[in-house]
1. Of the residues that sit in the stretch B:1-56 and are surrounded by 19 or more Cβ atoms within 10 Å (Cβ to Cβ) and of a type in the set (Ser, Thr, Tyr), which one is farthest from A:Ala207 (Cα to Cα)?
2. Select, from B:Pro91, B:Pro69, B:Pro81, the only residue that is buried (at least 16 other Cβ atoms within 10 Å of the Cβ) and either of a type outside the set (D, E, K, R) or at the interface with chain A (Cβ under 7 Å from one of its Cβ atoms) (or both).
3. Do any residues in the stretch A:166-180 that are touching a residue at least 24 places away in the same chain (Cβ under 8 Å) and at positive phi have Cβ atoms under 8 Å from those of residues that are part of a loop (DSSP other than H, G, I, E, B) and among the hydrophobic types (A, V, I, L, M, F, W, C), where the two are at least six apart or on different chains, and which pairs are they?
4. Which one of A:Glu296, A:Glu303, A:Glu282 is within 12 Å of another protein chain (Cβ to nearest Cβ) and touching a residue at least 24 places away in the same chain (Cβ under 8 Å)?
5. Are there any pairs, at least 6 apart or on different chains, whose C-beta atoms fall under 9 Å, with the first in the stretch A:96-118 and more than 14 Å from chain B (Cβ to nearest Cβ) and crowded, with 17+ Cβ neighbours inside 10 Å and the second among the aromatic types (Phe, Trp, Tyr) and assigned to a strand (DSSP E or B), and if so, which?
6. Restricting to helices (runs of 4 or more DSSP H) lying wholly in the stretch A:1-66: which have 2 or more residues that are closer than 17 Å to A:Gly120 by Cβ?
7. Of all residues in the stretch A:332-358, how many are of a type outside the set (Ser, Thr, Tyr), more than 8 Å from every other protein chain (Cβ to nearest Cβ) and under 23 Å from B:Val94 (Cβ atoms)?
8. Going through A:Leu287, A:Leu321, A:Leu281 one at a time, which residue ends up being in a helix (DSSP H, G or I), closer than 20 Å to A:Asn135 by Cβ and out of contact with any Gly (no Cβ under 6 Å at 6 or more places or on another chain)?
Amino acid sequence: MELCELTIHEMNEFIKHKKVSAVEITKSFLRRIEKIDFTIGSYLSVLGEDAVKRAVEVQKRIDKGEVNSYLSGIPVAIKDNICTEGIKTTCASKMLQNFVPPYNATVIKKLLEEDAVIIGKLNMDEFAMGSSTENSYFKLTKNPWDIDRVPGGSSGGAAAAVAANLTAFAIGSDTGGSIRQPASFCGVVGMKPTYGVVSRFGLIAFASSLDQIGPLTKDVTDCAIVLNSITGYDPMDSTSLNFKYPDYTKALVNDVKGLKVGIPKEYMGNGLDSEVKTAVLEAVKVLKQLGAQCEEFSFSLTEHAIAAYYIISSAEGSSNLARYDGVKYGYRAEKFSDLLDLYKKSRSEGFGTEAKRRILLGTYVLSSGYYDEYYKKALQVRTLIKNEFDEAFEKYDVVLGPAAPTTAYKFGENADNPLGMYLGDIYTVSANLAGLPGLVVPCGFDSKGLPIGLQLVSKPFGESTLLKVGFSFEQNTDHNKKARIRGELEYGI
Amino acid sequence: MEITKNTIEHIANLSRLDLTEEEKSMLLFDMKQIIAYMDKLKELDTSKVKPTAHVMQINNVFREDKSEPSYPKEKLLANAPLSEGGCFKVPKVVE
């Protein structure tokens with residue numbers, strides 16, 4: 001078996017017992033990237049020599065016995081909207097093509113403190129706006145299970161890289177499903193934590209009240225390990241939550257007896273692919289056999305959540321993207337007549353179509369005359385959605401459903417239909433609106449051989465509950481094993 | 001009110017975007033569709049509902065008024081498209 005196929009906890013065993021060095025592990029991934037990433041296209045930049053140099057330093061500390069972290073010597077790749085000091089951070093946009101952050105995001109600082117080795121930056125939809133990674137200014141990322149299909153998005157590079165063993169794990173961001181949907185499409189584990197448990201300092205903002213950083217990993221154990229590293233109070237983020245953070249690995253218990261599971265019937269109805277539905281119902285059966293109590297309930301605001309989400313996220317997005325003016329950083333047009341023209345030309349040439357669409361939409365719903373009708377209304381509906389979840393969690397420990405209505409679709413299939421693309425986020429956006437944690441784990445394949453993801457949502461700070469359910473599901477089925485790509489990938493190119 | 005080409009032009013100006021004719025007609029088509037879907041929210045009576053801008057109820061996050069070292073100026077200016085004498089450089093704004 002190749003080193004790059006291992007999970008974090010498996011690699012950690014090897015490193016601890018000096019069976020392999022951090023340098024060998026890093027090189028194993030770099031070789032793999034060299035060999036197949038021209039096909040997959042998950043990376044925007046790869047830190048070859050710098051990563052090896054860093055692995056050498058880390059190994060020295062390991063040899064001296066100075067390191068006591070699961071992540072020491074483990075390669076990680078980062079979505080390109082998270083600031084890495086001295087390493088280009090582009091948001092997959094022409095606007096930030098040459099942006100080199102002068103500082104590290106808090107998550108990066110935390111990963112480096114635990115001696116993780118950053119091996120590169122990952123492709124995404126421009127400014128995280130999209131669900132297929134087709135909105136990247138730079139390139140397409142292919143789904144490793146079928147390279148004619150999208151990896152999902154916006155953390156498409158992250159999900160594809162983890163699935164294809166191009167990194168041990170990845171850090172992504174989720175504003176309306178951007179970790180969970182690509183995890184589902186690529187057959188990996190992805191978690192969007194509770195709003196406020198991972199610092200957003202250094203995450204280039206899309207929609208500040210919805211954005212949350214989270215891990216994409218090969219299994220649930222790795223998810224818990226990474227959460228332990230990246231969560232925690234940060235005075236640099238005013239929305240960061242100050243409480244006693246648990247040891248998430250303690251939640252890795254194979255036991256769901258008595259667990260109460262609610263399944264929104266609106267998540268299982270119209271618009272859901274029948275094979276996805278079958279796989280989710282199979283998962284329910286498994287949990288029932290393990291002693292969980294599962295029942296359907298009505299989450300009546302499912303469709304309204306999409307409308308509220310796109311109003312709020314576009315409003316916040318248009319405000320956040322107002323900072324790109326061609327002055328302080330980012331793209332500046334070459335020809336302009338005056339300052340106003342400098343702004344307009346720089347923004348029009350620097351942003352891609354989807355970013356412009358969201359800016360317009362956001363500006364519209366915030367503009368005089370429409371603010372109450374759309375923006376305020378959406379914030380009120382957000383309250384109703386939060387209330388509906390509060391009620392559900394009085395009865396249930398977790399809310400279960402699919403992560404996406406379909407498996408991975410072909411390139412271009414939804415590209416000309418922005419509303420159609422937005423509707424694909426129907427099962428994921430409500431967790432962001434309510435600030436709830438959501439976990440996606442593989443739960444089977446469709447007849448085309450494409451992975452299907454199971455989504456579990458819990459109340460605020462319910463990460464441990466989600467990990468416990470996810471871990472139990474993983475231990476009692478072979479879905480995770482089947483979703484792990486082994487050996488060489490032959491794409492016949 | 002119906003969204004027209006004028007609406008798109010007005011919003012684009014507020015957003016500081018110059019759109020081509022082609023972009024305008026495409027975005028007009030998309031916006032009409034998207035806003036029609038958004039109108040779904042009108043089904044709901046929210047007259048007595050408080051808006052939620054932020055889910056976590058955190059208020060007034062202050063820190064001590066104490067100066068701390070910032071990032072080096074050169075590093076920050078290195079990302080500017082144009083700078084001079086330690087400042088960002090922009091076209092003349094006053095006559």
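The values are calculated or read from the model by the stated rules, or taken from the named source; none is laboratory data. What you see is a predicted model; the values in this text were computed from it and never measured. Cβ atoms come from the backbone with ideal geometry, glycine included; neighbour counts cover every protein chain shown.
1. B:Thr7
2. B:Pro81
3. A:Gly177/A:Ala403; A:Gly177/A:Ala404
4. A:Glu303
5. A:Ala116/A:Phe169
6. A:22-40, A:48-63
7. Here the count works out to 3.
8. Of A:Leu287, A:Leu321, A:Leu281, the one residue that is in a helix (DSSP H, G or I), closer than 20 Å to A:Asn135 by Cβ and out of contact with any Gly (no Cβ under 6 Å at 6 or more places or on another chain) is A:Leu321.
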